[in-house]
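Asker: Questions regarding the structure given below will be posed in turn.
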Amino acid sequence: MPTIHYILKDGTTREVDAKVGASVMETAIRGNVRGIDAECGGCCSCATCHVYVDDAFLELLPPPDDMESALLDAVASERRPGSRLSCQLSVSTALDGLTVRVPDTQV
């Protein structure tokens, strides 16, 4: 079972075991990770599950599609090269150890 590392706003890290095929957002919600609001429930319409993906994992992820990219242009915290919507990141065994940082704000 892959493990996702969430770096929270206060700098602490939460490790959550993820199910293959679940999204990084669903894993955060199931693991009660604070700071990932996911107001739309994962349908890629609100951008409140914004995370910063660690550079070491960016090449393992498909690029954002047009809808995700448009939402990332309107996130509350700064958009960075590693910005992604966690609802659009599907967990695979290749992502074991994935590290994402929760931004300072989602709204």
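The values are calculated or read from the model by the stated rules, or taken from the named source; none is laboratory data. All values reported here derive from a predicted model rather than from experimental measurement. Cβ placement follows ideal geometry from the backbone for every residue including glycine, while neighbour counts extend to all protein chains displayed. Ligands, DNA and RNA are stripped out before the accessible areas are found, and what is left, the full protein with its side chains, is counted by its heavy atoms. Shrake-Rupley method; radii C 1.70, N 1.55, O 1.52, S 1.80 Å.
Asker: List every residue pair whose Cβ atoms lie under 8 Å apart, where the two residues are 6 or more positions apart in sequence or sit on different chains, the first residue falls within the range 86-102 and is part of a loop (DSSP other than H, G, I, E, B), and the second residue, located anywhere, is crowded, with 20+ Cβ neighbours inside 10 Å and not hydrophobic (A, V, I, L, M, F, W, C).
Answerer: 89/23; 91/23; 91/27; 102/6; 102/35
Asker: Is there any pair linking a residue in the range 54-72 that is assigned to a loop (DSSP other than H, G, I, E, B) to one that is surrounded by 10 or more Cβ atoms within 10 Å (Cβ to Cβ) and of a type outside the set (Phe, Trp, Tyr), with Cβ under 6 Å and at least six apart or on different chains, and which?
Answerer: 54/99
Asker: Here's something else I'd like to know. Mind listing whichever residues of the range 37-53 are assigned to a loop (DSSP other than H, G, I, E, B) and open to solvent by less than 80 Å² (accessible area, probe 1.4 Å)? It would help to see each step written out before you state the result.
Answerer: Initially, the range 37-53 is screened for residues assigned to a loop (DSSP other than H, G, I, E, B), giving 37-49.
Residues satisfying the conditions are 37, 38, 40, 41, 42, 44, 45, 46, 47, 48, 49.
Asker: Consider residue 96 carefully, then state whether it is open to solvent by 80 Å² or more (accessible area, probe 1.4 Å) and of a type in the set (D, E, K, R). Quick ask: steps written out before the conclusion?
Answerer: On the way: open to solvent by 80 Å² or more (accessible area, probe 1.4 Å): yes; of a type in the set (D, E, K, R): yes.
So residue 96 fits the description; yes.
Asker: Just checking, does the range 17-36 include any residue being touching a Cys at 6+ places or on another chain (Cβ under 9 Å), closer than 14 Å to residue 105 by Cα, of a type outside the set (Asp, Glu) and open to solvent by less than 20 Å² (accessible area, probe 1.4 Å)?
Answerer: yes
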